[in-house]
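This report refers to the structure that appears directly beneath it.
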Amino acid sequence: MPIYTRTGDRGETGLADGTRLSKDAAQVEAGGDLDELNAALGLARAEPLPEDINHLLERLQHELFVLGAELAAAGTAGPGAPRIMPQHVQALERAIDQYEATLRPLQRLILPGGVRGAAALHVARTVCRRAERRLVALTRLGQPPLSPALLAYVNRLSDVLFVLARVVNARAGVPEPQWPSARRAPE
């Protein structure tokens, strides 16, 4: 079976329920951002990361597929369909608390960077924030109806990625680049 279907050649794509939408529709844009986020997590996992963080990121990638399917179904999925639930948000909060407890409290803003794995997690965090903005825009439009747990999940996910980036740098013994730094910009 070929990968191409030719069904999108006129700028439309299909949703899970068969509905056709323009590829630049807000719902499709949000799904694309979630797909990009999942790819960014895959790129981060390609870096040498601590095993516990790698396992967590793999779980998050699976959950992003659930989130994307929920978005694509747009409220038409049956009662047994997997969904992002409040328990998923709570699991993210537990991960934040667990990992943050191992870090020094922030004294200043930090610049994205450090080791490659941490930098990749910062990139994933920014993609996550964009996906969140797109989902919020969809919520304002009211179509499709999105669960509050879905929005809370994406909001918390960016926090998890921020904390994980800090942990990766800390475990590598790399100081976090801080802003404002002690160095002044050239005049």
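Among residues of segment 53-72 that are without any contact (Cβ under 8 Å) to a residue 60 or more places away in the chain and within 23 Å of Ser147 (Cβ to Cβ), those with a Cβ under 6 angstrom from a residue that is surrounded by fewer than 16 Cβ atoms within 10 Å (Cβ to Cβ) and not acidic (Asp, Glu), sequence gap 6+ or separate chain, pair up as Val66/Pro82; Ala72/Ala16. Residue-level check: of (1) surrounded by 15 or more Cβ atoms within 10 Å (Cβ to Cβ); (2) part of a loop (DSSP other than H, G, I, E, B); (3) of a type outside the set (D, E, K, R); (4) modelled with pLDDT of 90 or more, Phe162 misses just (2).
The set of residues in segment 122-143 that are modelled with pLDDT of 95 or more and touching a Pro at 6+ places or on another chain (Cβ under 9 Å) comprises His122, Val123, Arg125, Thr126. Considering each residue of segment 109-117 in turn, at least one proves to be among the small types (Gly, Ala, Ser), closer than 14 Å to Val167 by Cβ and modelled with pLDDT of 90 or more.
The values are calculated or read from the model by the stated rules, or taken from the named source; none is laboratory data. All of these numbers come straight from a predicted model, not from anything done at the bench. Here the Cβ is made from the backbone with ideal geometry for all residues, glycine too, and neighbour counts use every protein chain on show.
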